[in-house]
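The structure under discussion appears below in the form of structure tokens.
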Amino acid sequence: MSVKRKLAAVLAGVGIAPFIVVVSAGTASAHGYITSPPSRQANCAAGKVSNCGDIIYEPASVEGLKGQQNCHGGDARWAPLNDDRKAWPATSVGDSVSFNWLITANHSTSTWQYFVGGSKIAEFNDHGRQPGRTVKHDVSLGGRTGRIKLLAVWNIADTAMAFYNCVDLQVGPGGGPNPTTTTTPTTTTTPPTTTTTTPPVTGPWAAGVSYPAGSQVTYGGASYRCLQAHTSLTGWEPPNVASLWQRL
């Protein structure tokens with residue numbers, strides 16, 4: 001549903017004539033979502049969660065009126081994102097997390113907000129600027145531990161709309177870097193064997209391929225290394241998603 005129709009429905013309920021909407025409301029062309037740590041729509045698009053509905057085709061389209069506290073932006077098409085009974089994968093993290101957005105259509109931006117349990121833990125003000133192809137925010141989780149569901153909101157500056165992302169995280173024990181363990185050597189030791197593993201070369205990048213971390217592809221005459229395992233989608237070409245690919 002377009003922004004114009006959504007606003008018309010809301011304003012009609014309070015007695016504001018529809019023609020005012022035509023004058024004041026534009027159509028939001030912005031789209032985007034969090035790819036790392038993967039949001040719920042990213043996990044659906046990658047096939048990691050079943051029965052997600054149409055969001056597997058449009059992970060960047062979870063749009064709704066500003067001010068909501070849900071994963072689907074109040075749009076029934078994306079309601080599966082709000083179902084906490086699903087087996088959503090939780091990314092292991094420490095207290096500080098870098099959230100990476102993929103912007104498929106940019107637009108003037110007011111703020112980016114991050115919430116846990118309804119409490120805002122971070123906000124970044126863009127003062128109406130348009131974002132680039134990717135956006136990164138470093139957010140402190142404030143000492144929280146255990147499994148949490150984080151809500152990230154991208155507020156558009158010149159419309160009443162926002163984009164909604166929920167990210168499942170495992171913080172603290174079991175999250176973040178693995179601890180370093182020290183083993184006391186015994187009196188009899190075996191000389192270590194050094195094995196060199198060459199990252200797999202998969203040839204030209206293509207959509208719909210499951211790439212393991214460390215694999216290498218070519219795209220546009222350049223070579224890239226995969227930074228984290230994922231299933232590629234159109235719009236995730238290596239030059240466009242720095243969180244997934246590193247140019248060699």
* Structure fact -> If you go through 32, 26, the only one that is at pLDDT 95 or above and either of a type outside the set (A, V, I, L, M, F, W, C) or not in a loop (DSSP other than H, G, I, E, B) (or both) is 32
* **Checking residue 60 against (1) small (Gly, Ala, Ser); (2) modelled with pLDDT of 95 or more; (3) assigned to a helix (DSSP H, G or I), the condition it does not meet** => (3)
* Identify all residues within the stretch 165-191 that are over 16 Å from residue 121 (Cβ atoms), open to solvent by less than 100 Å² (accessible area, probe 1.4 Å) and modelled with pLDDT of 60 or more; write none if there are none. => 170
* Output the residues belonging to the stretch 198-214 that are part of a loop (DSSP other than H, G, I, E, B) and either at pLDDT 55 or above or touching a helix residue (DSSP H, G or I) at 6+ places or on another chain (Cβ under 9 Å) (or both). => 199, 200, 205, 206, 207, 208, 209, 212, 213, 214
* **Residues of the stretch 35-57 satisfying the condition of being in a helix (DSSP H, G or I) and either open to solvent by less than 40 Å² (accessible area, probe 1.4 Å) or more than 24 Å from residue 135 (Cα to Cα) (or both)** => 40, 41, 42, 43, 44, 45, 53, 54, 55
* **When residues of the stretch 234-248 are limited to those that are open to solvent by 40 Å² or more (accessible area, probe 1.4 Å) and modelled with pLDDT under 85, the one nearest to residue 91 (Cα to Cα)** => 242
* Asked: For the stretch 89-117, how many residues are open to solvent by less than 10 Å² (accessible area, probe 1.4 Å) and closer than 14 Å to residue 149 by Cα?
  -> 3
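The values are calculated or read from the model by the stated rules, or taken from the named source; none is laboratory data. Since we're looking at a predicted model, the values are computed, not measured. In this analysis, Cβ positions are derived from the backbone assuming ideal geometry, glycine residues included, and neighbour counts consider all displayed protein chains. Keep in mind that these areas ignore ligands, DNA and RNA; they rest on the heavy atoms of the full protein, side chains included. Shrake-Rupley method; radii C 1.70, N 1.55, O 1.52, S 1.80 Å.
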